[in-house]
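Working notes, beginning with the structure itself.
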Amino acid sequence: MKFYRKIVARFYDLAMQRVERLCLQQWRRELLAELSGDVLEIGAGTGANLTHYSSRLASLQLCEPDAAMRRQLEVKLGASSHGFAHLSACVAARLDVDGESLDFVVSTLAFCSVEDPEQAMREAFRVLKPGGRLVLMEHVAADQNSRLHYWQHCWQPFWKRIACNCHLTRKTAQLLEDSGFELFVRKEVMRGAPAITTPMIVGYALRP
Ligand SMILES: C[S@@+](CC[C@H](N)C(=O)[O-])C[C@H]1O[C@@H](n2cnc3c(N)ncnc32)[C@H](O)[C@@H]1O
């Protein structure tokens, strides 16, 4: 498993290249360029968001529990203008951060993979200042009763294994509202990706 994760981390950027070009990079730019103050990213992966953050942030914490992903992230961090960023192995459900201390939490393609999404959302709520935002770009469950929803359910057990715990049927928007956030997201389609992963939400969740 450790070896498989190393392979995934090594080829992640290559595998995502086309989708990044077709849509993800544009959404990352839109969501992240204007962020300011104290920012924490969960599941930072290989660092696909790094180039989109301002170098004038007050602080930037990058959490990535997978050691192989973290190594890729370290390399990108070294070559970036974000030398001030703090990198940790924190999981989203247990952030080593004071309550009400952050202006933004960022999650891009991460809530699909986290072990305990409800607890991770409670943590994001806890660490955000009132008025703070959880910035989101997530692939989610298709509309209930749609054909795509049916196929997501069929693929789920296999997909979870090959894609490192990625869930196709997470109702992320609903879970966020249940956690007390106010949602400001739009639906999008992840062009160039396997059909079962294409339904997306892009935007932010406000911590009242
Ligand atoms: C699909 S990758 C997305 C990486 C990156 N955020 C991006 O936009 O390209 C999902 C990431 O979430 C991380 N992850 C998985 N479980 C996690 C958890 N419980 N807490 C935080 N991150 C987690 C994985 O290690 C992986 O790097």
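Remarks
- Simple label model, 7 Å out from Cα along Cβ direction - Arg186 to Lys160, nm: 3.3 nm
- Highest GNM mean-square fluctuation among Gly99, Gly83, Gly45, for the chain modelled with Cα contacts below 10 Å: Gly83.
- Of all DSSP beta bridges in the stretch 2-206, antiparallel share, percent nearest 5: 50 percent
- Value of relative contact order over the stretch 2-206, rounded to a whole percent, pairs C-alpha under 8 Å and six or more apart: 19 percent
- Under 28 Å from Lys171, Cα to Cα: lysines that are on another chain or at least 8 residues apart: Lys129, Lys160, Lys187
- Calculated FRET efficiency for the pair Asp98/Leu22, C-beta based, R₀ 45 Å, to 0.05: 0.70
- Pairwise Cα separations in the stretch 1-88 fall into 5 Å bins from 0 onward with the following percentages, short to long: 3, 14, 24, 25, 20, 10, 3, 1.
- Summarising the overall dimensions of the stretch 1-150 from its C-alpha atoms, the Rg and Dmax are 15.4, 47 angstrom.
- Annotation for Val75 and Arg122: the two label points, set 7 Å from Cα along the Cα-Cβ direction, are 3.8 nm apart.
- Highest-MSF residue in the chain out of Val189, Val105, Val114 [GNM, Cα springs under 10 Å]: Val189
- Dividing the helix sum by the residues of the chain, where each DSSP H run of 4 or more adds -39500 (n - 2.57), gives a mean residue ellipticity at 222 nm of -10500 deg cm²/dmol.
- Here the spin labels are modelled as points 7 Å beyond Cα on the Cα-Cβ line, and at Phe3 and Phe84 they lie 4.4 nm apart.
- When only alpha carbons are used to place a centre, the stretch 120-146 and the stretch 82-111 end up 14 Å from one another.
- In Å, descending, principal axis extents of the Cα set of the stretch 106-193: 39, 25, 24
- Sites Glu115 and Ser55 - FRET efficiency at Förster radius 30 Å, r taken between beta-carbons, to 0.05: 0.40
- Cα centroid separation - the stretch 157-195 against the stretch 17-70, whole Å: 18 Å
Every read-out reported here was derived from the displayed coordinates using simple, explicitly stated rules and does not represent laboratory data. Everything numeric in this text was worked out from a predicted model, so none of it was measured. Methodologically, a virtual Cβ is constructed for each residue, glycine included, from the backbone with ideal geometry; neighbour enumeration extends over all protein chains shown.
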